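The values are calculated or read from the model by the stated rules, or taken from the named source; none is laboratory data. Since the structure is predicted, the reported quantities are computational estimates derived from the model, not experimental observations. Using ideal geometry, Cβ is built from the backbone for each residue, glycine included, and neighbour counts are taken over all protein chains shown. These accessible areas exclude ligands, DNA and RNA; they are computed on the full protein's heavy atoms, side chains included. Shrake-Rupley method; radii C 1.70, N 1.55, O 1.52, S 1.80 Å.
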Amino acid sequence: MKKNILIIGGSYGIGFFIAQSLQKDFNIYIASRTKGGLDDLNTTYIQFDAAKDNLNLSLLPEQIHGFAYMPGSIDLKPFKRMELETFKSDMEINFFYMVKVVKDIMPRMADNSSMIFFSSVAAGSGMPFHTSIAASKGAIEGFARSMAAEYAPKIRINVIAPSLVDTPLASKLLNNDKKQENMANRHPLKRIGNAQDIGNTALFLLSDKSSWITGQVIAVDGGISTLKTN
Ligand SMILES: NC(=O)c1ccc[n+]([C@@H]2O[C@H](COP(=O)([O-])OP(=O)(O)OC[C@H]3O[C@@H](n4cnc5c(N)ncnc54)[C@H](OP(=O)(O)O)[C@@H]3O)[C@@H](O)[C@H]2O)c1
């Protein structure tokens, strides 16, 4: 029997790579606002806006074996220009809407299932202009550890903390050669990430190959969070 994977936001970006990689061997359910490139994949699409909609559980299988929540934000500004509204909206899309979906699907999570949330390198390493995103991703990390403890040994729950990845989310930070070069050079591995770099870690965490890993925040960041090479 094929296992069921639910991805909130798999229409493009890192989630699309995960869907593309798993579509042959798993039943993939994607819930997002647009279909993006999904017409070319073997997935079940659910029209869903995390900001407005309740997830329609009648469209989902009784048992879910893998889950990933992809929506996120990047709004970088000096703290003095960071409005309270930005903190609120970042917290909503990254954290509260995620918690809402997780509450809805928890009863469907199967024994030995795996859940993945996405943080950011900025939650664990202080970076200027990241106050809002660091706060909302920090909430995810604390939430995930507590959930992992509460649901062990039935469900494994882990977080991936990427640095800059070349997806639509990061397009403003990478929209010319100079920015791309500067961003690449900040990383010890001298390049920015791509959807595969992050997605491959997600595939591992969703698979039974990671069956003794839970409650972890795994950095996939070109070395930037731990190495000083310049
Ligand atoms: N890219 C980076 O540099 C980077 C760095 C650090 C952390 N991360 C984190 O990694 C995760 C994935 O990032 P990504 O770069 O793949 O993002 P992305 O390119 O923006 O893709 C996000 C996905 O989520 C969906 N989505 C967005 N808002 C939604 C909503 N309201 N309701 C339902 N679906 C929604 C999008 O589809 P629709 O628009 O069709 O709804 C899309 O499929 C995020 O949590 C992000 O914060 C990314």
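A few remarks follow.
- Residue, nearest to Ile74 (Cα to Cα), within the range 1-60, restricted to residues that are in contact (Cβ under 8 Å) with a residue 40 or more places away in the chain and among the aromatic types (Phe, Trp, Tyr): Tyr12
- Some residue of the range 105-122 being within 9 Å of the ligand (Cβ to nearest atom) and in a helix (DSSP H, G or I): yes
Residue-by-condition table, conditions (1) modelled with pLDDT under 95; (2) under 27 Å from Leu205 (Cβ atoms); (3) open to solvent by less than 20 Å² (accessible area, probe 1.4 Å):
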| position | (1), (2), (3) |
| --- | --- |
| Leu57 | no, yes, no |
| Ile64 | no, yes, yes |
| Ile74 | no, yes, no |
| Arg81 | no, no, no |
| Thr86 | no, no, yes |
| Met98 | no, yes, yes |
| Val102 | no, yes, yes |
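- Hey, Phe129 near the ligand (Cβ under 10 Å from one of its atoms) and either outside any helix (DSSP H, G or I) or open to solvent by 50 Å² or more (accessible area, probe 1.4 Å) (or both) or not: no
- Yes/no for Gly223 being open to solvent by less than 20 Å² (accessible area, probe 1.4 Å) and on the phi > 0 side of the Ramachandran plot: yes
For every residue, the table says whether it meets (1) exposed (fewer than 13 other Cβ atoms within 10 Å of the Cβ); (2) of a type in the set (A, V, I, L, M, F, W, C); (3) near the ligand (Cβ under 8 Å from one of its atoms); (4) over 17 Å from the mean Cα position of the chain (by Cα).
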residue	(1), (2), (3), (4)
Arg145	no, no, no, no
Asn158	no, no, no, no
Ser163	no, no, yes, no
Leu173	no, yes, yes, yes
Lys178	yes, no, no, yes
Met183	no, yes, no, yes
Leu189	no, yes, no, yes
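- Residue match in the range 192-200 (condition: out of contact with any helix residue (DSSP H, G or I) (no Cβ under 7 Å at 6 or more places or on another chain), closer than 20 Å to Gly15 by Cα and buried (at least 19 other Cβ atoms within 10 Å of the Cβ)): yes
- The number of residues in the range 163-214 being of a type outside the set (Lys, Arg) and not in a helix (DSSP H, G or I) comes to 18.
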